[in-house]
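All remarks here apply to the structure that follows.
Nothing in this text is a laboratory measurement; each read-out follows from the coordinates by a stated rule. Just so you know, these numbers come straight off a predicted model, no measurement behind them. Note that we place each Cβ from the backbone using ideal geometry, even for glycine, and neighbour counts take in every protein chain shown.
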Amino acid sequence: MSDGAPTRRRIQWGRPDQAVRVGPRSALVLTIASVGGLLMFFWPLFVKVEPASMQHGVDAPFIFFVILPVLIVVVLAELSEGGMDSKALAMLGVLSAINAALRPLGAGTAGIETVFFVLVLAGRVFGAGFGFVLGCTSLFASALLTAGVGPWLPFQMMASAWIGMGAGLLPRRVTGKAEILMLVAYGIVVAYGFGFIMNLWFWPFITGAEVYYHDGSISYVAGAPLLDNLHRFAVFTLLTSTAGWDTGRAITNTVAILVVGPAVLATLRRAARKASYGVAGTFGSGEEHER
């Protein structure tokens, strides 16, 4: 300055609406956990499970019931360490409570799932890190509320976390009506994707008996070629899930985003601007330093 006095400045890191900042280390942890989660969903297609002894078939989901929450906790701890302040925690608590309250309204009947559209909209506004955390906490809270705790819960939490994270990674420059249409398309894709991947985790263990359709078995065949099992699984999903549950979920997401999406986005963005999540101190320390 002309008077020689020291000046003070603050550096803004990330977007002002990014409630959970994801740095390089957090991104690495997220990637490793996601790869681990995918392996836990898809392992039956690559690992031979002998049908003569169903011991591993019985044990595997419960082993993952222990391992998958560990991955989720590691990611949540890393994201919290990376920059989740009290304002972000408050918003996370509010949205998790809203999702937990909304889910029983549909309870999955005919595929009506009222939890995902809020997750998509919040991930869009607050960023990928917040979306990941909200996916975990929303499904956990709603499971406690609806007595839905079981070996499937960690898989639901991870799948929902991916949905929230993906919404935060959508192109930022898309706005207005084009943004709503983009979110509708994303909501449809994740509706079918959620059904696909959640079917996969239990498909090899659904009774241990052969299930048939007009052209052959749609049960998991241990040690069968990858493409053969993928074909059986695709037919299984189409017959048991896609035509009903997944389509109902896609319709619910579409209607909710079209009807209330613009208003919810505006409200969340207003809250994000007031909170200024992305504003940190100089060099991200939260403190002011002399220049």
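Roughly how many nanometres apart are two label points built 7 Å out from the Cα toward the Cβ at TRP43 and HIS231?
2.7
How much net charge surrounds ARG249 when only other residues with a Cβ under 15 Å from its Cβ are counted (Lys, Arg +1; Asp, Glu -1)?
Cβ neighbours under 15 Å give a net charge of -1.
³J(HN,Hα) across segment 25-40 via Karplus (A = 6.51, B = -1.76, C = 1.60, θ = phi - 60°), whole Hz, x for Gly/Pro?
Rounded to whole hertz, the list is 5, 5, 5, 5, 5, 4, 5, 4, 5, 5, 5, x, x, 4, 4, 6.
Near PHE117, within a Cβ-to-Cβ distance under 12 Å, what is the net charge of the other residues, with Lys and Arg +1 and Asp and Glu -1?
With Lys, Arg at +1 and Asp, Glu at -1, the net is +2.
At a Förster distance of 22 Å, what's the computed FRET efficiency of THR146 paired with ILE98, Cβ-Cβ distance as r, to 0.05?
With a Förster radius of 22 Å, E is 0.90.
What trypsin sites (Lys or Arg not before Pro) in segment 150-190 are in a loop by DSSP, with at most 16 other Cβ atoms within 10 Å of the Cβ?
ARG172, ARG173
Could you check the simple spin-label distance between LEU89 and ALA263, using points 7 Å along Cα→Cβ, in nm with one decimal?
Each label point lies 7 Å from its Cα, and together they span 3.2 nm.
Using packing as a proxy for protection, rank 259-270, 159-170 so that the peptide with the highest average count of other Cβ atoms within 10 Å comes first.
Answer by packing, highest mean first, reads 159-170, 259-270.
Pulled fully out, how much extra length does the chain show between ARG25 and LYS274, if you take 0.36 nm times their separation in residues and subtract their Cα-Cα distance?
86.9 nm
For segment 90-164, what are the per-bin percents of Cα-Cα distances with bins 5 Å wide, up to the bin holding the maximum?
Taking every Cα pair in segment 90-164, the percentages come to 3, 19, 30, 29, 14, 5, 0.
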